[in-house]
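Below: the structure, in structure tokens.
The values are calculated or read from the model by the stated rules, or taken from the named source; none is laboratory data. Because the structure is predicted, anything quoted here is derived from the model rather than measured. So basically every Cβ, Gly included, is an ideal-geometry build from the backbone, and we count neighbours across all protein chains shown. Quick note on the areas: whole protein, heavy atoms, side chains included, nothing else; ligands and nucleic acids left out. Shrake-Rupley method; radii C 1.70, N 1.55, O 1.52, S 1.80 Å.
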Amino acid sequence: MHRIHRIDLDDALPLLAAGRAKAEELGVKQTLCVCDESANVIALHRIPGARLTGVDIAIAKAFTAAGHERATHLFNEPPNGPALPGNEAFGISHMLPGKFAIFVGGFPLVHDGQIVGAVGISGGNGEQDKAVGAAMLAEFEALVSAPAP
């Protein structure tokens, strides 16, 4: 039998709070998305003033990270990023137009070796998106390592 771990809204809200706190510390207006293991959106937060386009971008980043079980920036990281020209997945982003993101800002959520969801961050530069993602991942790690009530 295969045991499935699943996150829900109660798990997602602290991740959004951690991401928002980091974004505010950095002074950047971002959109933050948390999805489940099937890449369905659980929670989305567009910080006031964040670009409207960030909604779809954050969702695409979370979708990609959950669906492909890797951080989105790894697709284009030289020299072996699979989506780089000449590599095995070059052009993969054209398979699901508007849903597949191969640039920084999407990070899988892993628990007990399983992908249980992902986060997507849009609105900052690459380093800002990574920093906010790191804050969200750290909050996730704190949640899953906390003793059960």
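General observations
- Over the stretch 45-149: Rg over Rh, Cα atoms, Kirkwood Rh: 1.00
- Ile42 long-range amide H proximity, modeled H, under 5 Å: Val34, Cys35, Asp36
- Surface composition of the stretch 96-149: carbon and sulfur atoms hold 61% of the protein heavy-atom accessible area at a 1.4 Å probe.
- Each Lys and Arg adds +1 at its Cβ and each Asp and Glu adds -1 at its Cβ; summed about the Cα centre, the chain shows a dipole of about 360 debye.
- Radius of gyration and maximum dimension Dmax of the stretch 1-100, Cα, Å: 15.2, 47
- For Lys22, a cut-off of 23 angstrom between C-alpha atoms picks up these lysines, skipping any fewer than 8 places away in its own chain: Lys61, Lys130.
- Backbone amide hydrogens, once placed in the peptide plane, bring Val110 within less than 5 Å of Val116, excluding anything fewer than 5 places away on its chain.
- Whole-number percent relative contact order across the stretch 1-87, with pairs defined as alpha carbons under 8 Å at least 6 apart: 20 percent
- In order along the stretch 65-78, the Karplus-derived 3J(HN,Hα) couplings, from 6.51 cos²θ - 1.76 cosθ + 1.60 at θ = phi - 60°, round to 4, 6, x, 10, 6, 7, 5, 5, 5, 5, 5, 10, 7, x Hz, and Gly and Pro are given as x.
- Of the peptides 15-26, 99-110, the order by per-residue mean of other Cβ atoms within 10 Å, starting with the highest, comes out as 99-110, 15-26.
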